[in-house]
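The structure appears right after this line, and notes come after that.
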Amino acid sequence: MLDVGDDAVVYLGTKEGIDRTEMLQDLATAQDGEHPFPADKYVNSFPARKHDHFAIPAGTVHCSGANSMVLEISATPFIFTFKLWDWGRVGLDGIPRPVHLDHGARNIQWDRDTTWVGDNLIGQVETIRTDGDVIEESTGLHELEFIEVRRHWFTDGAGHDTDGTVNVLNLVEGDEVQVVSPTGAFEPFVIHYAETFIVPAAVGAYRIERTENSRSARFATVKAYVRGSRTSDN
């Protein structure tokens, strides 16, 4: 979560003991635009705070609530999101926008209930290392997914190495940083809050550090790469 309001929630997984047939019927009824789907009856909602990380393996019913700015970390060349309900939204013709209820219903993992979600998808952040003012965390992307996600907190700067694979990053805390080469292989590149940037595999070592114009006291980046693709993994 890049940022949230005080009342922000995340819908994640189905509630325990619900009637599956009844839920699917209520979803079908809601497609006419006149009978809202009672989401809170069937789907868990959890409070969401800035920098919370929620894992969402395929097949998990999910949705971000109001007043949430989400940084979605995913790879979608071969997967799809099937919309079950559109929260009453309509198209320019005044008719409810189409959803994918049939496809979605076939893909729901009903065992992703309240207990399972709480044990596996929330609060999975772990500290990997601490070096001076730099804290590196694994943010807990689920083991069913092929992307590794690391978060780095720092005050002045943090060192990185592509280790032979592409790095995709986002500045999730702080106003402005720059990407620099320890060897001067490329010119410093300035990044602002919430911007996503790509560091090619060929870059190797690089640093992310505050600039002369930075005013924030602390910074954080989220970095994603494909698991098992680093040189050191082989």
*Can you pull out the residues in the range 171-192 that are exposed (fewer than 13 other Cβ atoms within 10 Å of the Cβ) and among the polar types (S, T, N, Q)?*
Thr183
*Within the range 24-42, is even one residue open to solvent by 40 Å² or more (accessible area, probe 1.4 Å), under 30 Å from Arg150 (Cβ atoms) and modelled with pLDDT of 95 or more?*
no
*Out of curiosity, is Val168 at pLDDT 95 or above and either surrounded by 13 or more Cβ atoms within 10 Å (Cβ to Cβ) or of a type in the set (Lys, Arg) (or both)?*
yes
*Would you list the strands (runs of 3 or more DSSP E) that sit entirely within the range 1-86 and hold 3 or more residues that are within 17 Å of Val117 (Cα to Cα) and more than 16 Å from the chain's Cα centre (by Cα)?*
43-47
_Residues that are modelled with pLDDT of 95 or more, over 21 Å from Asn120 (Cα atoms) and crowded, with 18+ Cβ neighbours inside 10 Å: does the range 62-83 have at least one?_
yes
*Does the range 105-117 hold any residues that are loosely packed, with under 15 Cβ neighbours inside 10 Å and outside any helix (DSSP H, G or I), and which are they?*
Gln109, Trp110, Asp111
*Within the range 135-156, how many residues are open to solvent by 10 Å² or more (accessible area, probe 1.4 Å), at pLDDT 95 or above and either farther than 13 Å from His53 by Cβ or among the hydrophobic types (A, V, I, L, M, F, W, C) (or both)?*
5
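The values are calculated or read from the model by the stated rules, or taken from the named source; none is laboratory data. Since this is a predicted model, take the numbers as computed values, not measurements. Reconstructed Cβ throughout: ideal geometry from the backbone, glycine too, with neighbour counts over all protein chains shown. We work out accessible area using only protein heavy atoms, side chains counted, and drop any ligands, DNA or RNA first. Shrake-Rupley method; radii C 1.70, N 1.55, O 1.52, S 1.80 Å.
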